[in-house]
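Below is one structure; the comments refer to it alone.
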Amino acid sequence: MRIIDFHTHYFPDKIVERAMSSLSNTSGLKPFSDGTLAGLVSTMKIAGIEFALNLPLATNAESTMGLNAWAAKSNNAPVFTLGSIHPDCQDADNIADFVKRSGLRGIKMHPEYQRFNVLEKRLEKIWESCINHELFVVIHAGADIAFKPPFMSCPEDFAELYLRYPKLNMVIAHCGSWGMWEAAEKSLAGRVPFYLDLSFTPGMLDDDSLMRMIKTHGADRIIFGTDSPWREQKEEVRKVNALPLSGKEKSLIFFENAAKLLDIR
């Protein structure tokens, strides 16, 4: 079975030690690799994962273009990468154009680290630019254990975002909103055709509820992801593989849906 891990993180060598220390301290999570590209490739091999997607994040407007330039140079199999746009950037369309021309397929955004709500007016230019340049958006959703409530996103907001931007191609992380799965099932599952990724969800959400979400939303809109290095890739593969899914459903979730977005033929 071919597998793509659509939700992973690694850092440039010059900042990896500082980044991993900071993230581990604020989240309290134990990493399962060292946060380097080599470390990610090593755990991919152990887990039987063929490709992965790295999700870097622009934490301020000033660093956005530098991050995207690094992402463009780093976008090589077996670990592809996305770009990012910070909500404070005044030239979202130019940045989206650069991301597209650089061969990156989409951008990563995070409401907590970038401090925004998806329905804010200042985000409109980003959504419109992503539609115009045919970029998909991978976005953190729901609670984040490194932050305290109230959180910046919720399933109901993503449902409204779809009504405003039905042409937007979005992957909502953590199965619709981490820790808000009941609301995600009610507002998103089978109702909003955004993709949902499974990162940091199996084992946190019980199997019966997870299966109900997958069946209701459709396996053609569910994507496998782990949130490596914060989850062990081999164990996450095992958890999803153990679910009572058909062979076709597993193929869609583990590979086909992600391959379509990443244009892996």
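The values are calculated or read from the model by the stated rules, or taken from the named source; none is laboratory data. Not measured: the values here are computed from a predicted model. Reconstructed Cβ throughout: ideal geometry from the backbone, glycine too, with neighbour counts over all protein chains shown.
Brief remarks follow.
- Some residue of region 191-203 being assigned to a helix (DSSP H, G or I), surrounded by fewer than 20 Cβ atoms within 10 Å (Cβ to Cβ), charged (D, E, K, R) and out of contact with any Gly (no Cβ under 7 Å at 6 or more places or on another chain): no
- Listing of helices (runs of 4 or more DSSP H) fully contained in region 206-260 that carry 1 or more residues being in contact with an Asp or Glu (Cβ under 8 Å, 6 or more places away or on another chain) and either among the hydrophobic types (A, V, I, L, M, F, W, C) or modelled with pLDDT under 95 (or both): 207-217
- Residue match in region 21-30 (condition: surrounded by 13 or more Cβ atoms within 10 Å (Cβ to Cβ), under 22 Å from A141 (Cβ atoms), of a type outside the set (A, V, I, L, M, F, W, C) and touching a residue at least 24 places away in the same chain (Cβ under 8 Å)): yes
- Pick from region 70-95, criterion without any contact (Cβ under 8 Å) to a residue 12 or more places away in the chain and in a helix (DSSP H, G or I), ranking: surrounded by the most Cβ atoms within 10 Å (Cβ to Cβ): N94
- A residue that is touching a helix residue (DSSP H, G or I) at 6+ places or on another chain (Cβ under 7 Å), farther than 23 Å from K248 by Cβ and of a type in the set (S, T, N, Q) can be found somewhere in region 184-206.
- Selection within region 96-110: residues that are in a helix (DSSP H, G or I) and of a type outside the set (V, I, T). The member of this set that is surrounded by the fewest Cβ atoms within 10 Å (Cβ to Cβ) is R101.
- Qualifying residue in region 155-164 (condition: among the hydroxyl-bearing types (S, T, Y), in a helix (DSSP H, G or I), at pLDDT 95 or above and under 19 Å from R221 (Cα atoms)): yes
- Of all residues in region 204-243 being hydroxyl-bearing (S, T, Y) and under 30 Å from L23 (Cα atoms), the one that is surrounded by the most Cβ atoms within 10 Å (Cβ to Cβ): T226
- Of all the criteria given as (1) in contact with a Cys (Cβ under 6 Å, 6 or more places away or on another chain); (2) of a type in the set (S, T, N, Q); (3) touching a residue at least 60 places away in the same chain (Cβ under 8 Å), the one not satisfied by T64 is (3).
- Test for M170: is it closer than 29 Å to F32 by Cβ and over 14 Å from the mean Cα position of the chain (by Cα): no
- Residue match in region 2-11 (condition: acidic (D, E), under 27 Å from A96 (Cα atoms) and not in a loop (DSSP other than H, G, I, E, B)): yes
- Selection from region 119-143 of residues that are surrounded by fewer than 22 Cβ atoms within 10 Å (Cβ to Cβ) and touching a residue at least 60 places away in the same chain (Cβ under 8 Å): F136
- Exactly one residue among D93, D34 is acidic (D, E), within 20 Å of V16 (Cβ to Cβ) and modelled with pLDDT of 95 or more, and that residue is D34.
- Filter result (part of a loop (DSSP other than H, G, I, E, B), within 22 Å of N25 (Cβ to Cβ) and touching a Gly at 6+ places or on another chain (Cβ under 8 Å)) within region 111-145: A143, I145
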